[in-house]
Structures are given as structure tokens and as C-alpha cells.
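Step one of this worksheet: look at the structure below.
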């Protein structure tokens with residue numbers, strides 16, 4: 001079997017999924033594509049810079065408009081993305097297109113300066129709801145890490161950049177277990193108050209369920225954070241990501257994070273992060289009659305191609321079904 | 001790694017998923033477990049009768065109360081379940097427990113008589129929404145197959161049996177593409193009018209999305225079929241099963257079909273049916289604070305054990321996450 005789009009167009013061209021809108025949902029959802037950054041960062045294999053550049057180009061051709069492309073963290077921490085400075089010039093043609101957003105992750109002020117030098121127009125910072133993960137990932141308390149972001153966010157905003165605030169462990173934590181709604185809401189609200197233009201609520205270990213999602217969103221909007229400034233970032237570790245997404249859409253969320261082909265979530269790895277696959281998300285959104293701008297066939301072919309680069313099948317159910325790949 | 005429950009209890013015993021109810025959902029859901037019949041019927045390997053009997057016993061020990069155990073179809077059609085008459089006596093201890101329901105599939109009057117001889121108290125018949133599938137699977141038109149069921153259902157009801165009516169291809173069909181809501185509703189209503197005590201709406205090729213599910217349920221209830229007589233049967237071929245389940249719960253559905261470990265849905269097979277895994281369903285239901293009576297640890301250990309019998313990993317994301325199985 002090949003992974004050409006022409007090889008698996010039958011279901012899509014036959015009019016499936018059938019679009020049947022559900023009352024109360026947004027008419028358009030912006031997908032924040034994290035495969036090139038969050039996905040590749042969590043893959044065992046390191047991908048060549050040229051392949052990454054091609055990947056981002058193919059994602060843009062498939063109609064994705066927000067593509068997080070890399071991270072300016074220290075190479076010792078994330079060797080998979082050590083080539084950020086080499087990658088950015090290869091994306092110059094995309095960066096010149098005003099309709100495309102190509103955010104990069106920056107861990108601190110130094111990362112921000114490197115990003116600014118390379119002409120980046122949108123950044124993301126990465127915080128934690130829980131002390132355990134803040135210590136493990138950032139070697140700081142939650143309060144210290146938020147304080148560290150304050151000047152970074154302020155400087156970025158002064159430079160006219162959009163700033164996304166990722167918040168991890170919003171629902172559960174591998175050390176602490178369940179995360180109280182009030183605690184996650186407090187940290188998320190703080191990111192918003194710091195000046196983040198968007199706060200992405202992360203279920204890093206994939207344990208959330210729909211009622212928990214609704215409770216956190218309601219707590220945040222009741223506390224003054226507008227729903228239009230919130231995004232959701234679900235992991236499919238326990239298969240819950242799309243049900244959680246549906247609940248978030250019903251509460252008015254219009255930005256959803258996903259990873260092409262489920263990159264970063266190898267189904268067999270013990271450490272699977274289990275990113276929601278963009279294709280599975282797009283299938284649901286298009287079935288609900290919600291516009292995404294994405295060409296599902298092209299996206300699926302791109303993910304099948306990237307799976308070949310990584311030498312393992314995509315964990316996305318939709319990619320597998322559309323490309324009919326045997327083991 | 002072993003598959004003992006003691007080996008993977010950390011997440012569950014740490015209080016995850018955290019139970020956060022969502023307004024408007026039922027407090028209890030009855031899971032109709034189809035792994036032993038629908039699951040094994042669609043697996044390449046044929047499982048020994050003794051293993052099947054042990055499987056059903058373990059499912060009951062895990063707290064499942066409705067376990068579809070086999071099918072009385074002709075062995076030529078479904079060789080995997082040719083041992084129905086040998087299996088039933090091995091389940092006599094379970095059949096004696098009044099709280100347990102052990103339905104069997106019967107294709108026709110002859111199958112019903114065999115089931116009655118063996119003391120079966122609940123049967124299921126299997127119809128189609130679409131002409132293409134009715135012809136392929138039953139070699140009849142939709143109307144002819146429904147007419148064939150009429151005396152079977154009547155005789156079963158006369159004998160005091162519960163009768164479930166499966167309806168396949170309710171949302172999409174591999175030959176016909178999208179299935180109009182009115183067409184699926186007409187066939188489902190006919191099954192109800194024939195005397196089926198429960199009609200299970202099947203998304204046989206897994207293409208449904210939540211708005212489509214709601215539209216079909218609304219059409220049926222508006223047409224006089226009470227929601228309490230409807231069950232949903234989703235496949236995870238495109239990863240949509242749990243989001244669809246959530247939408248059905250929001251409409252008041254209280255019976256959900258699922259297959260332990262996702263049996264019948266090998267993730268790599270071209271012909272994957274992609275049954276919703278019972279464990280993924282239970283994770284969501286328990287997270288929503290909905291009672292199922294199921295011990296998720298025991299169920300997951302059972303599915304890991306059955307995966308060993310079949311010589312391949314479970315496609316259930318929850319089973320994989322809870323049992324941390326490397327390839």
C-alpha cells in the first residue's frame with residue numbers, strides 16, 4: 001500500500017463524514033497544530049532539519065493556519081529541536097504569508113531574544129498547574145515560574161507579538177493525582193493576567209473527562225477569563241480527547257490543539273504522551289459541519305509520509321483508516 | 001511486564017479519573033458487553049471454547065452485567081463461534097445468577113430454537129439500515145430481512161425472552177456512503193414495532209459524528225420510540241466513538257455497547273471493525289461520576305490476558321496505558 005492521497009480518497013469523496021451540525025457549537029474552529037514542536041519533541045527519533053521544513057510546508061498546504069514550528073529551549077533539554085535556528089530560515093516563505101501563524105516555544109528571556117532575532121511573530125511559554133511538574137520540568141515552584149514568565153511576556157507584547165501560555169497538568173498529575181479545579185484555574189488565570197493572549201489548558205497525562213473540562217472552563221469564565229482567550233490541549237492516553245473536545249466546544253471554546261498523525265504519542269511507548277491526532281479532530285469537526293480550512297486527505301497523506309520518516313505507523317485512527325496500512 | 005491488576009493500579013488507586021459529574025447525564029449506564037460475540041467473531045484467530053468460557057467468567061467478575069456470549073449462526077458463516085452449543089453449558093453457573101444477562105445472537109427461527117433448547121433467556125437479531133449491507137450480509141432486502149425477524153421476535157417474546165434488535169449501518173455504508181437519518185430511523189422504528197425490547201443503533205464503519213447521532217436519536221424519539229428502548233453501538237475506526245457516546249448520553253441514552261479491550265478491532269487490520277473498547281468507555285463514565293458496576297482494573301487485566309491469547313496487543317488506549325505494555 002502506498003500513502004498517496006489518491007489511494008484512500010474513497011470514504012472522503014463518498015461524502016463521509018456526513019456533515020450534521022449540532023446546535024450551540026461554533027461555526028469555525030482554529031486548530032493549533034503542535035506536531036512539529038510538541039510532537040517531534042516527544043519522538044525518540046530526531047528528524048533532519050530538511051524533513052522538518054518539508055513537514056511544516058506540507059501542513060500549511062493541507063490548510064492548517066497555526067503551526068507551532070519549534071522550540072528555543074537549550075539543546076541539552078530537547079535535542080530533537082536543537083536545530084531551531086537552522087529551521088526558521090527554511091520557513092521564511094511561510095513566515096511571509098500574513099494568514100499563517102508560526103509560533104515557537106520559548107522557555108525564558110534568552111529564548112525570546114533568539115526568537116526575535118529570527119523574526120518570530122508569536123511565541124508560547126510553558127507553565128504548570130502543579131508544584132510537582134513545575135519542579136520536575138522547570139526546577140521552580142509554580143509561583144517562581146510564573147514570575148519568570150512575567151518579563152518575557154511583557155517584552156514580547158511590547159514587541160507586538162502574540163503570546164500563548166501553555167498550562168500543563170490541568171486535570172491530573174502523575175505524582176499528585178487529581179488536580180483540583182480551583183488550582184488549575186488559579187494558574188491559568190495568572191497566565192491570562194500576565195498578558196498571555198491565549199491560554200491553552202493542557203491535559204498532559206490524558207486523564208480528563210468531559211465534566212471535569214466543563215468545570216474548569218466554567219470556573220475560569222466565572223473568574224473573568226473570556227472563553228475567546230482559552231484553548232484546549234487534550235491527550236488521547238485513555239482515549240478521551242475527542243469527547244473532552246466536544247464538551248469544550250459546547251462551552252464555546254474555538255481553538256483546539258492537535259498533533260498531525262498523533263505525533264508524540266506512539267501507542268506502544270510506555271511514556272506515550274498521546275497527543276490528540278489532528279486527523280481525528282478534523283473528522284469530528286467536519287462531521288459537525290464546523291469549518292477548519294483543512295484538507296483531510298492531504299493532511300492524512302502528510303502524516304503517513306511523516307510516519308515513514310519515523311519508521312513507525314501513525315497512532316491516529318483516522319490516518320490508519322484512510323491509508324489502510326497493514327503492519 | 002505482567003498483566004496482573006496489581007501491576008498497574010497506580011493511576012486508578014491515585015484517584016484518577018477524578019469524578020466530576022456533568023449536568024443532564026444519567027446516573028447509571030448499563031454496558032452491553034459484546035467482546036465475546038461481536039469481538040471474537042471479527043478476530044482472525046479462533047479461540048478455544050475453554051478460553052471463551054474463562055473470558056466470559058472474568059468479564060462477569062469484573063462487574064459487567066450484560067455479556068453477549070455467542071451466536072447461533074451457521075458455522076460456515078462464522079467459524080469463530082461454531083462452538084456455541086459447547087460454550088453454553090460451561091456458562092451454566094453464570095446463567096443461574098438472576099442479575100446477569102447473557103444474550104446470544106440468532107439469525108433466524110432455527111437459531112432461536114437451538115438457543116431455547118439451551119435455556120437462553122435473551123436473544124439478539126441483526127438487521128441493516130441499508131439495502132447494500134442487507135444484501136451482502138443477509139442476502140435479502142431490508143424489508144425481507146425485517147419480515148423474516150417478525151416471527152422470530154414474536155416467538156421469543158412469547159417464550160418470555162428479551163429481544164435486542166441490532167441495526168447496522170445507521171450512519172454510513174461502505175457502498176452507499178452517508179445514510180440519511182430518515183432511512184435509519186425507519187428501520188430502527190420497525191425493529192421496535194416488531195417487538196424488540198431494545199434497539200441498538202450501530203455505526204458499523206465508525207463514520208458517525210455527534211451531531212449525526214443526536215439527529216437520529218431525535219428523529220426516533222419524535223417518531224414514538226422511547227429513549228429507554230434505545231442503545232448505541234459505536235465503532236472507533238476514526239476515533240469518534242466516545243464523543244458520539246457523550247452526545248448520546250446527553251440525549252438520555254442509558255445503554256452503551258462496547259467490547260472488552262476493543263476486541264474485533266485490531267488497529268492494523270484493513271478490515272478493522274474498531275469496536276469501542278469497554279475500558280475507554282468505563283474511564284469516561286467513571287470520570288463523569290456515572291455508575292457502571294465495573295472494576296476497571298479487573299476488566300483491563302482480563303483484556304490484557306485475552307490479548308495474550310490472541311497474540312497481539314489490545315487496541316484499547318486505556319488498556320495500554322494501564323498495563324504499560326511495550327511492543
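Would you be able to say whether some residue in region B:242-249 is at pLDDT below 95 and within 13 Å of another protein chain (Cβ to nearest Cβ)? First the steps, then the outcome.
Applying the first criterion (at pLDDT below 95) to region B:242-249 yields none.
Looking for residues that are at pLDDT below 95 and within 13 Å of another protein chain (Cβ to nearest Cβ), one finds none in region B:242-249, hence no.
With respect to residue A:58, determine if the residue is surrounded by fewer than 20 Cβ atoms within 10 Å (Cβ to Cβ) and in a helix (DSSP H, G or I).
yes
For residue B:91, state whether it is within 28 Å of residue B:313 (Cα to Cα) and at pLDDT below 95. Walk me through it before giving the result.
On the way: within 28 Å of residue B:313 (Cα to Cα): yes; at pLDDT below 95: no.
No.
Restricting to strands (runs of 3 or more DSSP E) lying wholly in region B:159-251: which have 1 or more residues that are surrounded by fewer than 17 Cβ atoms within 10 Å (Cβ to Cβ) and touching a residue at least 12 places away in the same chain (Cβ under 8 Å)?
On the way: elements: B:162-168, B:198-202, B:230-233.
Of the strands (runs of 3 or more DSSP E) lying wholly inside region B:159-251, those with at least 1 residues that are surrounded by fewer than 17 Cβ atoms within 10 Å (Cβ to Cβ) and touching a residue at least 12 places away in the same chain (Cβ under 8 Å) span B:162-168.
Within region B:117-137, which residues are surrounded by 17 or more Cβ atoms within 10 Å (Cβ to Cβ) and within 17 Å of residue B:153 (Cα to Cα)?
Within region B:117-137, B:120, B:121, B:122, B:123, B:124, B:125, B:126, B:127, B:128 qualify.
Against the condition free of Cβ contacts under 8 Å to residues at least 12 places away in the same chain and within 25 Å of residue A:76 (Cβ to Cβ), how does residue A:155 come out, does it pass?
Working: free of Cβ contacts under 8 Å to residues at least 12 places away in the same chain: no; within 25 Å of residue A:76 (Cβ to Cβ): yes.
No: the conditions fail for residue A:155.
Which of the following residues is on the phi < 0 side of the Ramachandran plot, more than 9 Å from every other protein chain (Cβ to nearest Cβ) and over 20 Å from the mean Cα position of the chain (by Cα): A:197, A:221? Give the steps one after another, and end with the answer.
On the way: A:197 fails: over 20 Å from the mean Cα position of the chain (by Cα).
Only one candidate passes the filter, namely A:221.
Residues being within 14 Å of chain B (Cβ to nearest Cβ) and at pLDDT 95 or above: count how many of those fall in region A:25-56.
Total satisfying the criteria: 4.
Looking at the structure I just gave you, is residue B:299 modelled with pLDDT of 95 or more, under 25 Å from residue A:304 (Cβ atoms), surrounded by 24 or more Cβ atoms within 10 Å (Cβ to Cβ) and within 14 Å of chain A (Cβ to nearest Cβ)? Quick ask: steps written out before the conclusion?
Details: modelled with pLDDT of 95 or more: yes; under 25 Å from residue A:304 (Cβ atoms): no; surrounded by 24 or more Cβ atoms within 10 Å (Cβ to Cβ): yes; within 14 Å of chain A (Cβ to nearest Cβ): yes.
Considered against the rule, which asks whether it is modelled with pLDDT of 95 or more, under 25 Å from residue A:304 (Cβ atoms), surrounded by 24 or more Cβ atoms within 10 Å (Cβ to Cβ) and within 14 Å of chain A (Cβ to nearest Cβ), residue B:299 comes out as no.
Checking the structure you have, find out if any residue of region A:252-261 is facing another protein chain (nearest Cβ under 7 Å) and either at pLDDT 95 or above or not in a strand (DSSP E or B) (or both). Let's see the steps before the verdict.
Of region A:252-261, the ones facing another protein chain (nearest Cβ under 7 Å) are none.
No, there is no match, as no residue in region A:252-261 is facing another protein chain (nearest Cβ under 7 Å) and either at pLDDT 95 or above or not in a strand (DSSP E or B) (or both).
Test residue A:12 against the stated conditions and say whether it is closer than 18 Å to residue A:281 by Cα, crowded, with 20+ Cβ neighbours inside 10 Å, within 14 Å of chain B (Cβ to nearest Cβ) and modelled with pLDDT under 95. Can you show your working first?
Details: closer than 18 Å to residue A:281 by Cα: yes; crowded, with 20+ Cβ neighbours inside 10 Å: no; within 14 Å of chain B (Cβ to nearest Cβ): yes; modelled with pLDDT under 95: yes.
Spelling it out, it is not the case that residue A:12 is closer than 18 Å to residue A:281 by Cα, crowded, with 20+ Cβ neighbours inside 10 Å, within 14 Å of chain B (Cβ to nearest Cβ) and modelled with pLDDT under 95.
Could you list, in sequence order, all residues of region B:274-295 that are surrounded by 24 or more Cβ atoms within 10 Å (Cβ to Cβ) and either part of a helix (DSSP H, G or I) or over 18 Å from the mean Cα position of the chain (by Cα) (or both)?
Answer for region B:274-295, where residues must be surrounded by 24 or more Cβ atoms within 10 Å (Cβ to Cβ) and either part of a helix (DSSP H, G or I) or over 18 Å from the mean Cα position of the chain (by Cα) (or both): B:278, B:279, B:280, B:281, B:282, B:283, B:284, B:285, B:287, B:288.
The values are calculated or read from the model by the stated rules, or taken from the named source; none is laboratory data. Source: prediction; values computed, not measured. Please note: Cβ atoms are built from the backbone with ideal geometry, for glycine as well, and neighbour counts cover all protein chains shown.
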